[in-house]
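K.L.:
Have a look at the structure that comes next, please.
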C-alpha cells in the first residue's frame, strides 16, 4: 500500500535579489509502506526542500500530494499540523534534542500534541521506540551525556514513537563517524521495516543510499531513477 506520493510537485523560493528560483519543477514519487527510498542530488538541488514539502513543513505551488489514501492539498493549517504530528516522523542531522530533557522525555515530545494517550500507553510507546533503536539504557540521560550516535538514535526513537506512516530523514548520518553512522543507519532502516513505515532518506553518500531499496536523483527540479552517485 502506498504510504506517501507526490505528483508534479512544484516549489519556488524567492532569492534575496527578489528573483524566483524553481527548485521543484514537477517532481513525482511514490513510496510504499515498508519501503526505504534514498533521495540524492547535488548541493542546492532542492533535496531538503522536497523533504519539507513531503513533510508538510512548507506548501507547494502546484502538483498533488497524498499521505496514505488522503489528499493533503486543500487541508487547513490546523489539519496539516495534526497530520504532520501524527503520521510523519522527522530525523535531522542536527538531532534537535531539547537539552534540559532526558532522552526518554525527548522521545515522548510528539505524544504531547495531537490525540492524547493514557499515561501507561505513552510510557509503553516511549519504551518500545527506545528499545527498537537500542537506546533504552540511556533513557534517563540528557543529550550532553550522550554520544553523537546515541543522540541520533534518540532522535530516531522520537520520530517513531507515534508509529507514523512515513519517516523523513535529512542527512541523518552526515555528522557521524563511519562506524557510528553504520549503527545509526541500521537502527533507522530496521526500525522502519519493523513497523512497515516508509522511509525517505536524503543523502549524498553512496554507501548510505545503497542501504535503501532504491535511489532517486533530484536534478533540474525533477526526480530520476538512481544511477551511479559518483556522477551526482
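Quick note: the coordinates plus some simple rules give every number you see, no bench work behind them. If you're wondering where the values come from, they're calculated on a predicted model, not measured in any experiment. Here the Cβ is made from the backbone with ideal geometry for all residues, glycine too, and neighbour counts use every protein chain on show.
K.L.:
For the chain, give me the percentage of DSSP beta bridges that are antiparallel, rounded to the nearest 5 percent. The partial results should precede the final answer.
P.N.:
Numbers: 21 of 39 bridges.
Of those bridges, close to 55 percent are antiparallel.
K.L.:
Please work out the FRET efficiency for the pair residue 2 and residue 140, using the Cβ-Cβ distance as r and a Förster radius of 30 Å; give the result to the nearest 0.05. Before the final figure, lay out the partial values.
P.N.:
Working: r = 39 Å, r/R0 = 1.31.
E(calc), rounded to 0.05, equals 0.15.
K.L.:
Continuing with this model, one more query. Put a dot 7 Å past each Cα toward the Cβ at residue 76 and residue 48; how far apart are the dots in nm?
P.N.:
Distance between the two pseudo-spin positions: 3.2 nm.
K.L.:
Multiply the residue separation of residue 219 and residue 122 by 0.36 nm, subtract the distance between their alpha-carbon atoms, and state the gained length in nm to one decimal.
P.N.:
Answer, rounded to one decimal: 30.8 nm.
K.L.:
Between residue 59 and residue 210, how many nm apart are label points set 7 Å from Cα along the C-beta direction?
P.N.:
4.3
K.L.:
Next up: For segment 145-232, with equal point scatterers placed on the C-alpha atoms only and solvent neglected, what are the log10 I(q)/I(0) values from the Debye formula at q = 0.10, 0.15, 0.17, 0.24 1/Å, to two decimals?
P.N.:
-0.26, -0.58, -0.74, -1.26
K.L.:
Between the alpha-carbon centers of segment 88-166 and segment 1-31, tell me the distance in whole angstrom.
P.N.:
First find each Cα centre; the distance between them is then 30 Å.
K.L.:
In degrees from 0 to 90, rounded to the nearest 10, what is the angle of the helix 148-160 Cα long axis to the longest principal axis of the chain?
P.N.:
Helix 148-160 and the main axis of the chain meet at about 80 degrees.
K.L.:
Please report the equivalent ellipsoid semi-axes of the chain, computed as sqrt(5 x eigenvalue) of the Cα gyration tensor, largest first, in whole Å.
P.N.:
Values: eigenvalues 161, 88, 53 Å².
Here the semi-axes work out to 28, 21, 16 Å.
K.L.:
What spacing in nm lies between the two simple spin-label points modelled at residue 32 and residue 186, each 7 Å away from Cα in the Cβ direction?
P.N.:
2.7
K.L.:
Then there's this: For 2, 203, what ranking results if the residue with the fewest other Cβ atoms within 10 Å of its Cβ goes first?
P.N.:
On the way: 2 15, 203 25.
In order of increasing Cβ crowding within 10 Å: 2, 203.
K.L.:
While we're on this one: What's the angle, to the nearest 10 degrees (0 to 90), between helix 178-195's Cα axis and the longest principal axis of the chain?
P.N.:
Here the helix axis deviates by roughly 90 degrees.
K.L.:
Can you tell me the relative contact order of segment 113-167? Whole percent, Cα pairs under 8 Å, sequence separation 6 or more. Walk me through the numbers on the way to the answer.
P.N.:
On the way: 28 pairs, mean separation 21.9, N = 55.
This gives 40 percent for segment 113-167.
K.L.:
Further, regarding this structure: Which whole-number percent is the relative contact order of the chain (Cα, under 8 Å, 6+ apart)?
P.N.:
Numbers: 456 pairs, mean separation 70.6, N = 232.
Across the chain, relative contact order equals 30 percent.
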